[in-house]
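The next block holds one structure in the form of structure tokens; read it before the comments.
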Amino acid sequence: MPNISRKGVSMPESPIRKLVPFAEKAKMNGAKVIHLNIGQPDIKTPQIALDAVKNNNLDIVAYSRTEGSEIFREKIATYYAKHSITVESTDIIVTTGGSEALSFVMGSIADFDDEIIIPEPFYANYNGFATSAGVKVVPVVSRIENNFALPPIEDFEELITSKTKAILICNPGNPTGYLYSKEEIQKLATIAKKHNLFLVADEVYREFTYDDKGHYSILQEVGLEENAIVIDSVSKRYSMCGARIGYLVSKNKEVIATALKFAQARLSPPTYAQIASEAALDTPQSYFNDVKEEYLKRRNTLIAELKNIDGVKVGVPNGAFYCIAELPVKNADDFAQWLLEDFRYKGETVMVAPAAGFYATKGLGENQIRIAYVLNQDSLKRAVTILKEALKSYIG
């Protein structure tokens, strides 16, 4: 029998999706499963985006430009200008989701066995993108005791070698919800320039910040133009996860020219999704004000309920819509599977994402879970009640 590639064998499973078969079986057996595992908002997609697809008069669904349509990229640049970020349409490549943007970046800036430093825990698919590109993830640990704040710069510098090509952050963070301050971004900018590294920021949750804290983009940092690369997406901002439209943004012309070659190899981003995404850029600010207010209520409800469970420790997110909770169990993977297979409370159970898959350091996060607070407050309260009862039963 022919052999599978070493990359294929080492490709990690998604901690967000790997338990789906157990959830589906639970549903088939009559249980209601409350999904806390995946960042699929229940917020409605802006009607303006849906109408743009319904009302278009295309006769042929043709290829679009490899880098995305000129009009769309100009509107994206205008969007950034509203957020005090100055870029041109030529600094933007439209991609099939933020995932493809990050894959293009890794292919453009790193060779096989090169290294990228990432504060952990981090979005689990970074491991998958790195494995696919043959890039080594070098983790620097952030801790729940510090609410997952930026680790000391000394910790980064100790890890930099001749193979280090970039530092990658998610801001605000998935899975922690941590929002990097301007001062923290400037510390990272200083080290990137000092060691001639790229600073890559996944900023897809830019709109979702709380407690009167603002988002500071690496693209706002003067003097970082040749080092800064931003990954962005419409998925969460407009509740359009299925559109699969993202962007790669950089003022570094060589990065854009190189990423464009990767983009040409996949031809073009999807036409209808671009139509919807272009229209979504005209969404009024009131939409985001309402969404932020709703997520803030959900966050406050979730954190308050989790803190009422004995033995549970939780980080308080200032952005995005995720948090990491540390449970009084040894193995959250086993606990999460047990929830789906064996535990019911009034005919319901919950599905969570075990957090070990959000770490690169073996052994870390084994007693942690990621929770996405993308459900209404009543559902969140019910889910935490189920979690509380489950822990009583599981621990005995």
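The table for this structure:
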read-out: Derived scalar couplings ³J(HN,Hα) [region 151-164; Karplus, 6.51 cos²θ - 1.76 cosθ + 1.60; whole Hz; x for Gly, Pro]; value: x, x, 4, 4, 5, 5, 5, 5, 9, 6, 10, 5, 8, 6
read-out: Accessible surface of residue 42 - all protein chains present, 1.4 Å probe, nearest 10 Å²; value: 70 Å²
read-out: Using a Förster distance of 56 Å, the FRET efficiency for residue 163-residue 42 (Cβ separation, nearest 0.05); value: 0.85
read-out: Electrostatic dipole magnitude of the chain [Cβ: Lys, Arg +1; Asp, Glu -1; Cα centre; debye, to 20]; value: 860 debye
read-out: Cβ-based charge dipole, the chain, positive-most Cα from 57, 106, 20; value: 20
read-out: Whole-number Å³ per residue for the convex hull built on Cα positions in the chain; value: 163 Å³
read-out: Amide H contacts under 5 Å for residue 164, placed H, 5+ residues apart; value: 115
read-out: Long-range HN-HN contacts of residue 373 with modeled amide H, under 5 Å; value: 322, 323
read-out: For region 317-396 versus region 23-49, the gap between their alpha-carbon centres in whole angstrom; value: 16 Å
read-out: Rg(Cα) / (2.2 N^0.38 Å) computed for region 184-303, rounded to two decimals; value: 1.23
read-out: Selection from 312, 279, 301, by position along the positive dipole direction of region 205-316 (Cβ); value: 312
read-out: Probe 1.4 Å, protein heavy atoms only - accessible area per residue of region 287-363 in square angstrom; value: 40 Å²
read-out: Set of region 102-122 residues, backbone N closer than 18 Å to the point 7 Å along the Cα-Cβ line of residue 146; value: 117-122
read-out: Local electrostatic count, residue 220, Cβ distance below 12 Å [Lys/Arg +1, Asp/Glu -1]; value: 0
read-out: Å² of accessible area per residue within region 121-161, as computed with a 1.4 Å probe and no ligands counted; value: 42 Å²
read-out: Fraction of antiparallel bridges per DSSP, the chain only, in percent to nearest 5; value: 45 percent
read-out: Lys/Arg +1, Asp/Glu -1 at C-beta; the chain dipole; positive extreme among 8, 210, 69; value: 8
read-out: Heavy-atom accessible area per residue - region 1-49, 1.4 Å, Å²; value: 70 Å²
read-out: Distant-in-sequence amide H partners of residue 174 (H built 1.01 Å from N, under 5 Å); value: 123
read-out: For region 339-351, 3J(HN,Hα) per residue [Karplus equation, 6.51 cos²θ - 1.76 cosθ + 1.60, θ = phi - 60°, Hz, x = Gly/Pro]; value: 3, 7, 7, 10, 10, 9, 10, 6, x, 10, 8, 10, 10
read-out: Residue with peak Gaussian network fluctuation, the chain [Cα springs, cutoff 10 Å], from 242, 365, 173; value: 242
read-out: Per principal axis, descending, Cα span of region 34-79 in whole Å; value: 41, 26, 19
read-out: Inter-probe distance in nm under a simple model that places probes 7 Å from Cα toward Cβ, at residue 90 and residue 190; value: 3.4 nm
read-out: In Hz, Karplus ³J(HN,Hα) per residue of region 133-138 (6.51, -1.76, 1.60; θ = phi - 60°; x = Gly, Pro); value: 8, x, 9, 9, 7, 10
read-out: Distance histogram in 5 Å bins (all Cα pairs of region 116-169, percent per bin); value: 4, 19, 31, 23, 16, 6, 1
read-out: Share of carbon and sulfur in the accessible heavy-atom surface of the chain [1.4 Å probe, %]; value: 50 percent
read-out: Cα centre as origin, Lys/Arg/Asp/Glu Cβ charges: region 180-337 dipole, Debye; value: 320 debye
read-out: Separation in nanometres of the label points that stand 7 Å from Cα toward Cβ, at residue 313 and residue 348; value: 2.9 nm
read-out: Extension gain from residue 51 to residue 362, taking 0.36 nm per residue of separation minus the Cα-Cα distance; value: 107.3 nm
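The values are calculated or read from the model by the stated rules, or taken from the named source; none is laboratory data. Just so it is clear, the model here is predicted, and its values are computed rather than measured. So basically every Cβ, Gly included, is an ideal-geometry build from the backbone, and we count neighbours across all protein chains shown. For the accessible areas, the whole protein counts, side chains as well, though only heavy atoms, and no ligand, DNA or RNA atoms are used. Shrake-Rupley method; radii C 1.70, N 1.55, O 1.52, S 1.80 Å.
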